[in-house]
Structure formats: structure tokens, C-alpha cells
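What follows is one structure encoded as C-alpha cells, with my remarks underneath.
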Amino acid sequence: MPAHLWGKVWHMARVAIVTGGTRGIGEAICLALKAQGVTVAANYGGDDAKAKAFTERTGIPAFKWDVGDHEACLAGVAAVEAALGPVDIVVNNAGITRDGTLMKMSYAQWEEVIRVNLGGCFNMAKATFVGMKSRGFGRIVNIGSINGQAGQYGQVNYASAKSGIHGFTKALAQEGARFGITVNAIAPGYIDTDMVAAVPADVLEKIVAKIPVGRLGQAHEIARGVAFLTAEDAGFVTGSTMSINGGQHMY
């Protein structure tokens, strides 16, 4: 690249926040965006040691706050913008599970999953949407789930939150479209992450048997979808849900 263009390219670099960004799918998304020349900030909610190791491994700064806390999101985004510049890209990846059948599920288990998984999308969009509108550019990608599309036994809280994400995406896409803000979702199937690794081996074997491609997905395959949806030239794609599930659920 000619030297006289270096400063211009640096000035035009987009800033992204990836929630739940220090491990698993979130880490893969951070690395994919960084590879595209995006300046990335990874949000995390709990494990300081893993976040520190992530930053040492990737060179991507990590910022700690609870995405389910509205005020914490406003403060967290402000901290990222003070350090890196205006946020143009948000990937709402943070999520938790508190599984159990309805008969056994406590209200706290229900409320916490809705608060973090679905509330986090609202909080992060609320914290960044006005700035995106003022600059005439924004990319919001919400990570849903196959279980938000098809449902899953013992996950009325998780399936509800993820299904809500798909509706949230379509509604916000309509609000953002005329301002150059696209809002899309990705619905991963079963991906080879720590969360899936915790599933008992006999149960996991049955899950894989239902996936037409015959294997679990890889985190980088979800990240590739995010990279596409957040690209500069992806402005005509909005309100969509990209299913990346090996053919397990064709929706």
C-alpha cells in the first residue's frame, strides 16, 4: 500500500465491540474483525484471568461490564469510545444458560437469562444507535440460536431470549435502515465450544447424529458470517437471520 494512503486508511478504521468476546465464538469473531482491519474491543462479564490471557494472546483490549445492566453498558461503551473512537459495529454475542424444565426452573433462572441474553441486545443497541445514526453508518449483529428457531427441551428461558433476539433484529432493522444502520442476526447450530463440551457425551452423540453435515460447527464459521454482515459493502443486507447450523434446521 502506498505510504501516502496509510494515514487515510487508519483514519477510516471502524471500531467494533464484541460482547462475550474473550473466548469461544466471541474470540473467533474478534479475530475475524481484526483481520479485516477493524479496531476491536472485547467485552467480558466475569473471568479477569481469561480476559487478560485473551488480550495477551490477541492484542485486543478487553473491557469488563455486565451487558444485562443498562447503566453499565452506557458506561462501558463510553469507555471504549474514549479509548478507541466512535463505535460503528456491535456484535451482541454474550449469553448464558440456566437450563431446566419449567417445573424445576426458578424465576431467577428465567429472569437472568432474559436479562443478559435479550436485555443485553437492547442495552448495547441503545448505547450505540444514536452515534451510528449521526455518522450515517452502523452494523449490529445479534447472535441468536437454532434453539430460538426450533425450541429445545429444558430451555424455555434460553429459547425465549434467543427467539426474542430474532424479533428484535427485524424490528430494529426497520428503524435503522434509512440511517445506514443494518441490523442482522446469526443463528448458530451446535458449535464446538466450552458450552457444548459440557454436554454429556451420549447426548452430544445424538445431537451430532441429527446434523446433516455430520459434525459440530467451528467458531470461525460463525465469525465468517459476522465478518460478511459487518463489511462496508453489506449495506443492502438488513433484517435477516443467517442460519449456520450444518443443515440441522432449515428455516
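For Lys52, a cut-off of 20 angstrom between C-alpha atoms picks up these lysines, skipping any fewer than 8 places away in its own chain: Lys34, Lys64. Between Thr22, Thr128, Thr55, the residue with the greatest mean-square fluctuation in the GNM of the chain (Cα pairs under 10 Å linked by springs) is Thr55.
Between Ile244 and Leu102, full extension at 0.36 nm per residue minus the direct alpha carbon distance yields a gain of 48.3 nm. Beyond 21 Å between alpha-carbons counts as too far, so tell me which of Lys104/Lys206; Lys126/Lys162; Lys126/Lys170 fall in that bin. Too far apart for the 21 Å limit: Lys104/Lys206. Rounded to the nearest 20 debye, the dipole size of the chain about its Cα centre is 440 debye, using +1 on the Cβ of Lys and Arg and -1 on the Cβ of Asp and Glu. With contacts taken as Cα pairs under 8 Å at a separation of at least 6 residues, segment 148-229 carries a relative contact order of 23 percent.
Using only helices, what value at 222 nm comes out for the chain when you add -39,500 (n - 2.57) per DSSP H run of length 4 or more and divide by the total residues, to the nearest 500 deg cm²/dmol? Display every interim value, and only then the final one.
Values: 11 runs with 119 residues, N = 251.
Result for the chain, helices only: -14500 deg cm²/dmol.
Within 13 Å, Cβ to Cβ, of Lys64, how many net charges do the neighbouring residues add up to if Lys/Arg are +1 and Asp/Glu are -1? Can you show the working numbers first?
On the way: positive: Lys50, Lys52; negative: Asp47, Asp48, Asp66, Asp69.
Around Lys64, the surrounding residues sum to -2.
Inter-part distance, segment 120-137 to segment 233-251, computed on C-alpha centroids, equals 22 Å.
If the chain linking His220 and Glu71 were pulled fully straight, counting 0.36 nm for each residue of separation and taking away their Cα-Cα distance, it would gain 50.5 nm.
Full extension of the chain between Met195 and Ala177 yields a length gain of 3.1 nm, computed as 0.36 nm times the residue separation minus the alpha carbon distance.
Taking trypsin sites (Lys or Arg not before Pro) as exposed when their DSSP state is a loop state and no more than 11 other Cβ atoms lie within 10 Å, the longest site-free interval of the chain runs over 105-214. Residues Ser163, Ser240, Ser106 in ascending order of nearby Cβ atoms (within 10 Å, fewest first): Ser106, Ser240, Ser163.
What shape does segment 3-244 take by its C-alpha gyration tensor, where a ≥ b ≥ c are the square roots of the eigenvalues and a/c under 1.5 counts as rounded, a/b above b/c as prolate, and the rest as oblate?
Working: a/c = 1.58, a/b = 1.50, b/c = 1.05.
Prolate is the answer for segment 3-244, as a/c is 1.5 or above and a/b outweighs b/c.
Each reported figure results from applying straightforward, stated rules to the coordinates on display, with no laboratory input. Every value quoted in this text rests on a predicted model; they were computed, and no experiment measured them. For neighbour counting, all protein chains shown are included, and Cβ atoms are generated from backbone atoms with ideal geometry for every residue, glycine included.
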